[in-house]
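The values are calculated or read from the model by the stated rules, or taken from the named source; none is laboratory data. Computed from a predicted structure; not experimentally measured. Every residue, glycine as well, gets a Cβ built from its backbone with ideal geometry; the counts of neighbours run over all protein chains shown.
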Amino acid sequence: MRISRRDVLSGLSMIGLSAGLLGGRRTAHAAGDDYRALVCVFLFGGNDGNNMVVPVDARYSDYATARRQPTDGGLALAMDQLLPLAPASGPAQYGFHPSMPELQQLWNQGALAVMFNVGTLVAPTSKADDSAGRVPRPESLMSHQDQQNQWQTSLPDRPSRTGWGGRLADQLPSAPLPPLVSVAGNVLFALGTSSHPLAVPTAGGATFGLSGFSSSPGSRALVTAMTALRGLDLDNALIQSVAGETAAAFAASGMLSPVLAGTGSTTDALFQSQPSVLGDQLLQVARIIEARSVLGATRQIFFVAIGGFDTHNDQLNRQAPLLAEVSSSLSAFYTATVQLGVASQVTTFTLSDFGRTLAPASGGGSDHAWGNHHLVLGGAVQGRQTYGTFPTLALGGPDDFTAQGRWLPTTSTDQYAATLARWFGVAPGDLGAVLPNLGRFASADLGFLG
Amino acid sequence: MLAVNSRVLRSGALALLLAACSSQPSAPPKPLVLSPDAVRLAAQATFGPTAAVVADIQQRGAAPWIDAQLQTPPSDLGTYPVVADNVNAVCPTGSSATCYRDNFTPFLTEAAFFRNAISGADQLRQRVAFALSQVVVVSGAEVRPNYGVAEYEKLLLRDAFGTYRQLLEDVTLSPAMGRYLNMVNNDKPNPARGTSPNENYAREVMQLFSIGLVQLNPDGSVVTDSSGTPVPTYDQNAVIGLAHVLTGWTYPLQPGATQRTHNPPYYLGSMVVVPGNHDTAAKTILGGTQIPAGQTPEADLAQALDTIAGHANVGPFIGKQLIQALVTANPSPAYVGRISAVWADDGHGVRGNLGAVVRAILLDPEARGDVKTDPSYGRVKDPVLLLTGLARALGVATDGVYFARASSSLEQPPYLSPTVFNFYPPDYTPESNLVSPASALLDSASVFNRANVFLQLLYSPPGPDKTVNGSTGTQITLGDLAPFGNDSGALVDSIDALLFHGTLSSSQRLAVLDAVNAQPAGPSWVRAAAYVVLTSPHYQVER
């Protein structure tokens, strides 16, 4: 057998998809269809939202007092370094972290909104309700793992093996490819009851298929045996699970591998000025969106992620490059959607473990907290506005359930997710299947998507 | 029934093959015959079965083999230059391209990890240290100097069979951990600056390293209150109390340096006290334990670690994770309960004796036996174990360099976890009611990554790497399977014995034989058979 590394198996012939079939799909889903995509950007570790968006009005002094000066081991950003977020009329009330100039621009263009003080909530709460124990807190508040999970499940009062992205995908009609695609591996967000996500490699990463195979009889026999083996003797549930994952990978490889390799992509150049962990993932998303007609996709949910936000120490030096990466790569991605003519069909939003204490911790960092500020980006976003209620920046104040500046959320993850899900096309009557706790909260539409 | 069928097929296939190869002059080599239970123990307690280690287990018996392993000293992980924790100073612009890789990433330590895992004598010690490294996580992603990460790995190898109390103390005072979770230079409250003690280590030493978030019964089940809600092990006040306990420690003093209140980063030895930075007020920690005012940092720490290590959760919480790492991802409550009992008392009044716990885990009736038919039994293998399993079964000789790189592309570079939460959560549940931690690393992308790494190792292992001093590259002899390149029946029999402890079904054997027979005879047969079985779902699960 000759195995040539130049003969990369595209997989198209292996799973019997002919060019004619693909061509047919292209015709059936011509541009102008009702394609929509949600892009979840998870900031792992707990982004310090207190320094991502800072009041620049009279409240700045509350902020500076509580955060303390950097010369004193504190975390306050200087007023004159903040990037003002001017609304459509009137003076700016808030400013972005100085590392986010691209996102400031998108705010100015009306494509970006800021959602204040969202968090995992069992039910609406207040400082009085919370301290009296009238409203239970989420299970294991301030634990990374649990809060990451609860942001992904939106079920902070119970264990769940499905995420709200997966449950959203459960609502969709069957499509040639799974609607949920993660560029950041297996995540709870993406697991549904009936739907199962695909995970794809990041741009410039591994190939999404077998390397080194040719059409020789020896090569073909190997593939035949692999196909046979993953269908045999699946009496053990773990083996069955692995076999299912393997079969799904091979089934998707033929269609997706050329797309993921960048074949025919017109947006690659937009991401090349700032290659980054997040940018490389978002490039992959852009490539898949560009190929949506070929792939027969009308509804897609993507998951990308960047880590490092658990800034217990040296936060000023550590958070800045992370926010810079978020800013530049989200901006490149938004530009890509504009270029592809789908800016108003793609909505990008952030999730993160939790917010962080307003008071600094020993070592120039901050500790785990609760409610946090988030970003929503896209052509359909009613941007240049903030949504929700900004907390009072006072240690031990009305929004702080401790003495270190940990905000009781005023908006729940359910409401945040429901607003996105409605825009995505879930009928109001079906929202409960995606977000079982939604009915506990007053509004299922926060308005940032019109 | 299954065994009878495959035996029938085995002889049939053999006869067929012998007929086809009748021109073969020499007598066919005899296929490997191995005790299935010994193969299973080798898979659980080493980095992959070899005919030699299985023979050793068969000859000594399981318990004596384990006892010998418990006495085997750690393999040498190598020594690495002590460098300042300052990339720009150590590797200024214009320095060699390898300066950063060799000094500020764990690359060289990882290569040593794989060399030792593939060929070291202390297989069980390394396997347990690897499991512990995924519980008490330190990552080179944040602790940059390689010598510091290597020092931490040596600590785990040294303490792998000691008491958990000792391990917890050594981990707590390790400068690498101090740096990773911010206990180093964690100072008492400073009212003038408005700073509080750092909560990072205080939280994770309880949540991840010892007791977890909710109270457990000895069998691992969750304790609930009258309304069915899990009972937490601690609250935020216990975190804050412990954060105050853990104040007043700084980096060890580098020989020749002058003691300061915050020593500069140095990762050999244990952290040292700076009494003036320690909070001497009274504190309340886990379980309402009172730490009196005025104690030394050492006394505060000892009392806190006694309290944590003495908590009833440690046995089921850590014991179950060790079962999951070595034997099965969904152990029965009774199995966890038996291990918790050994954790509580090793039979000589010692609590948390890791050597005794590991021995009990491996000798438990739920671990031993020739075949396990419970549909939820077993564990999805870690990528590291897939790599070392191939290497050990197929006679790979390596400097570890390719393996260090491959482990990264398979998302499990040892000691380079993305976060303190390891490469995967211990409760990852891909299917209803079926925990499978390592399944978190198996997705549609990694399916191909794994297959492509196996292909490279089997067909074109990379030679010496010119950028690595003394690199010898990776070679493959096909090891225990090499003799069967002209006898596909014996080849499949031997693969079945060594990699599947005799559980391949007749239809699986036929599928492998079809792949083999399409290749020219010789080493290509062995490679083809190995490739299709290593990429099969059945090989990815150890049971």
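Data table
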{"quantity": "Whichever residue in the stretch B:338-355 is surrounded by fewer than 20 Cβ atoms within 10 Å (Cβ to Cβ) and of a type outside the set (Lys, Arg) and, among such residues, is nearest to residue B:447 (Cα to Cα)", "calculated": "B:341"}
{"quantity": "Residue count for the stretch A:256-275, restricted to those that are under 28 Å from residue B:438 (Cβ atoms) and touching a helix residue (DSSP H, G or I) at 6+ places or on another chain (Cβ under 8 Å)", "calculated": "2"}
{"quantity": "Criterion (more than 7 Å from every other protein chain (Cβ to nearest Cβ) and either closer than 28 Å to residue A:249 by Cα or surrounded by fewer than 24 Cβ atoms within 10 Å (Cβ to Cβ) (or both)) met by exactly one of B:521, B:515", "calculated": "B:521"}
{"quantity": "Which numbered condition residue A:266 misses (of (1) of a type in the set (S, T, N, Q); (2) without any contact (Cβ under 8 Å) to a residue 60 or more places away in the chain; (3) away from chain B (no Cβ under 12 Å))", "calculated": "(2)"}
{"quantity": "Test: residue in the stretch A:199-207 that is within 25 Å of residue A:289 (Cα to Cα), in contact with a strand residue (DSSP E or B) (Cβ under 7 Å, 6 or more places away or on another chain) and without any contact (Cβ under 8 Å) to a residue 24 or more places away in the chain", "calculated": "yes"}
{"quantity": "Selection within the stretch B:232-260 - part of a loop (DSSP other than H, G, I, E, B) and surrounded by 12 or more Cβ atoms within 10 Å (Cβ to Cβ)", "calculated": "B:233, B:234, B:246, B:247, B:248, B:251, B:252, B:253, B:254, B:257"}
{"quantity": "Answer from B:223, B:214, B:231 - the residue that is more than 13 Å from every other protein chain (Cβ to nearest Cβ), free of Cβ contacts under 8 Å to residues at least 40 places away in the same chain and in contact with a strand residue (DSSP E or B) (Cβ under 9 Å, 6 or more places away or on another chain)", "calculated": "B:223"}
{"quantity": "Single match in B:162, B:148 (criterion: within 26 Å of residue A:309 (Cβ to Cβ) and among the small types (Gly, Ala, Ser))", "calculated": "B:148"}
{"quantity": "Residues of the stretch A:105-132 that turn out to be free of Cβ contacts under 8 Å to residues at least 40 places away in the same chain and more than 26 Å from residue A:143 (Cβ to Cβ), as a count", "calculated": "0"}
{"quantity": "Of all residues in the stretch B:180-211 being among the charged types (D, E, K, R) and surrounded by fewer than 24 Cβ atoms within 10 Å (Cβ to Cβ), the one that is nearest to the other protein chains (Cβ to nearest Cβ)", "calculated": "B:193"}
{"quantity": "Complete set of residues in the stretch A:224-254 that are aliphatic (A, V, I, L, M), under 19 Å from residue B:505 (Cα atoms) and more than 7 Å from chain B (Cβ to nearest Cβ)", "calculated": "A:234"}
{"quantity": "Boolean, residue B:414 is crowded, with 24+ Cβ neighbours inside 10 Å and either within 17 Å of the chain's Cα centre (by Cα) or farther than 29 Å from residue B:320 by Cα (or both)", "calculated": "yes"}
{"quantity": "Flag for residue B:371 being surrounded by fewer than 23 Cβ atoms within 10 Å (Cβ to Cβ) and within 14 Å of chain A (Cβ to nearest Cβ)", "calculated": "yes"}
{"quantity": "Criterion violated by residue A:263 - all others in (1) surrounded by fewer than 18 Cβ atoms within 10 Å (Cβ to Cβ); (2) at pLDDT 95 or above satisfied", "calculated": "(2)"}
{"quantity": "Count - residues of the stretch A:211-223 that are part of a loop (DSSP other than H, G, I, E, B) and either facing chain B (nearest Cβ under 7 Å) or crowded, with 19+ Cβ neighbours inside 10 Å (or both)", "calculated": "3"}
{"quantity": "Qualifying residue in the stretch A:275-285 (condition: within 30 Å of residue B:200 (Cα to Cα) and either without any contact (Cβ under 8 Å) to a residue 40 or more places away in the chain or touching a Pro at 6+ places or on another chain (Cβ under 7 Å) (or both))", "calculated": "no"}
{"quantity": "Matching residues in the stretch B:374-388 - criterion: being small (Gly, Ala, Ser) and either at positive phi or buried (at least 24 other Cβ atoms within 10 Å of the Cβ) (or both)", "calculated": "B:378"}
{"quantity": "Residue match in the stretch A:145-158 (condition: touching a strand residue (DSSP E or B) at 6+ places or on another chain (Cβ under 9 Å), away from chain B (no Cβ under 12 Å), outside any helix (DSSP H, G or I) and at pLDDT 95 or above)", "calculated": "yes"}
{"quantity": "Single condition residue B:396 does not satisfy, out of (1) over 30 Å from residue B:211 (Cα atoms); (2) at the interface with chain A (Cβ under 10 Å from one of its Cβ atoms); (3) of a type outside the set (Gly, Ala, Ser)", "calculated": "(2)"}
{"quantity": "Test: residue in the stretch B:457-468 that is part of a helix (DSSP H, G or I), surrounded by fewer than 22 Cβ atoms within 10 Å (Cβ to Cβ), at the interface with another protein chain (Cβ under 8 Å from one of its Cβ atoms) and at pLDDT 95 or above", "calculated": "yes"}
{"quantity": "Pair list, Cβ under 7 Å, 6 or more apart: the stretch A:348-360 residue more than 13 Å from chain B (Cβ to nearest Cβ) and surrounded by fewer than 24 Cβ atoms within 10 Å (Cβ to Cβ), other residue among the polar types (S, T, N, Q) and in a strand (DSSP E or B)", "calculated": "none"}
{"quantity": "Helices (runs of 4 or more DSSP H) enclosed by the stretch B:266-373 - at least 1 residues per element that are basic (Lys, Arg)", "calculated": "B:314-326, B:333-344, B:354-363"}
{"quantity": "Qualifying positions in the stretch A:148-197 - surrounded by 24 or more Cβ atoms within 10 Å (Cβ to Cβ) and among the basic types (Lys, Arg)", "calculated": "A:167"}
{"quantity": "Selection status of residue B:495, among the β-branched types (Val, Ile, Thr), touching a Gly at 6+ places or on another chain (Cβ under 7 Å) and at negative phi", "calculated": "no"}
{"quantity": "Boolean, residue A:252 is of a type in the set (Gly, Ala, Ser), in a loop (DSSP other than H, G, I, E, B) and surrounded by 22 or more Cβ atoms within 10 Å (Cβ to Cβ)", "calculated": "no"}
{"quantity": "Every residue from the stretch B:486-512 that is farther than 18 Å from residue A:221 by Cβ, within 31 Å of the chain's Cα centre (by Cα) and not in a loop (DSSP other than H, G, I, E, B)", "calculated": "B:493, B:494, B:496, B:497, B:498, B:499, B:500"}
